[in-house]
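J.: Have a look at this one.
Read-outs throughout are calculated quantities, based only on the coordinates presented, and are distinct from any laboratory measurement. As the structure is a computational prediction, the values presented were derived from the model and not from experiment. Glycine gets a Cβ as well: all are built from the backbone with ideal geometry, and neighbour counts include every protein chain shown.
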Amino acid sequence: MGEEKTATATRTRNRRGEGARLRDEIVVAAVELLDETGEESAITLRSVARRAGIAAPSIYRHFPDQPAIMLAVVRNAFDELDEQLREALNAAADSPRERLRALCDAYLEFARTRPGRYRAMFGGVWIPDLSKASVTENEMATLGEETLVLLIGAFEECVEAGCATSTDVPADTVALWLGLHGLAHQRMVSPSFPWPPDIADRVITTLAHLTPR
């Protein structure tokens, strides 16, 4: 209790109508804890409140429970991933093959530089009990939709340009994502493994059914 009083005293109270700012500050605090620890269990209402410099009960005005905070954290991470993927597409050459490769490289780079967030998004670090949490099945099911849309779009461009032979782009895109995820995950857990320098190219070329150059 003493820690909460001290934290609360150092924080400037938001003016009326600034509730959105407080909500953002709560999410930022949770993201910082996830980045530092890599563990979903480190994100509790009390720890987030302490990091944000507010009293724990203030969180309930914006998030009914811990899973709701985690949902906001993961949504924020997907927004960041999608922004980086779009930036990679915009910076890539006009070649559909190069655009797909740039997208895949950006995905792998996000996983490398944001390991805590990535594990919460894809690695099973966060799996809420939907029977007890405020988070719904539909909210969980829609996570990552835009990421998949970007991958499918780049894949379709390759097929249309004749540099990929897929006959089922949506299904093959899922297979490609699984390959990227597997590589990203194994790089995290096996950093000392002697990965072939062209392993990413091998995974992408094979799973995207890319034709020889």
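J.: Calculate, for V189 and A20, the FRET efficiency according to 1/(1 + (r/R0)^6) with r their C-beta to C-beta distance and R0 45 Å; round to the nearest 0.05.
T.: Here the calculated transfer efficiency is 0.75.
J.: Here is a follow-up. Could you give the angle, 0 to 90 degrees to the nearest 10, between helix 169-189's Cα long axis and the longest principal axis of the Cα atoms of the chain?
T.: The two axes meet at around 60 degrees.
J.: Shifting gears a bit: For the chain, just the Cα set please: Rg and Dmax, both in angstrom.
T.: Every Cα atom of the chain included, Rg and Dmax give 20.3, 66 Å.
J.: Could you tell me which residue out of I26, G182, L151 lies farthest along the dipole of the chain toward its positive end? Charges go on the beta carbon: Lys and Arg +1, Asp and Glu -1, centred on the Cα centre.
T.: Toward the positive end, the furthest listed residue is I26.
J.: Hey, another quick one. Test of understanding: in a Gaussian network model of the chain with alpha carbons linked when under 10 Å, which of R61, R114, R23 would top the mean-square fluctuation ranking?
T.: R61
J.: Between D94 and I127, take the C-beta separation as r, use R0 = 30 Å, and let me know the FRET efficiency to the nearest 0.05. Walk me through the numbers on the way to the answer.
T.: Values: r = 41 Å, r/R0 = 1.36.
Taking R0 as 30 Å, the efficiency between D94 and I127 is 0.15.
J.: With springs connecting C-alpha atoms under 10 Å apart, model the chain as a Gaussian network and identify which of N76, N90, N138 has the largest mean-square fluctuation.
T.: Result for the chain, Cα springs under 10 Å: N138 fluctuates most.
J.: Sort out for me the Cα centre separation of the stretch 52-118 from the stretch 134-164, rounded to whole Å.
T.: Centre-to-centre distance over Cα atoms comes out at 15 Å.
J.: Another question about this same structure. How big is the charge dipole of the stretch 113-198 about its Cα centre, in debye rounded to the nearest 20, if each Lys and Arg gets +1 on its Cβ and each Asp and Glu gets -1 on its Cβ?
T.: Once rounded to the nearest 20, the dipole reads 640 debye.
J.: Moving on. In terms of the Cα gyration tensor, with a ≥ b ≥ c the square roots of its eigenvalues, is the stretch 112-208 rounded because a/c is under 1.5, prolate because a/b exceeds b/c, or oblate? Could you put the intermediate results ahead of the total?
T.: Values: a/c = 3.05, a/b = 1.27, b/c = 2.40.
Since a/c reaches 1.5 but b/c is at least a/b, the shape of the stretch 112-208 is classed as oblate.
J.: For the stretch 28-69, report the convex hull volume of the alpha-carbon atoms normalised per residue, in Å³, without decimals.
T.: 57 Å³
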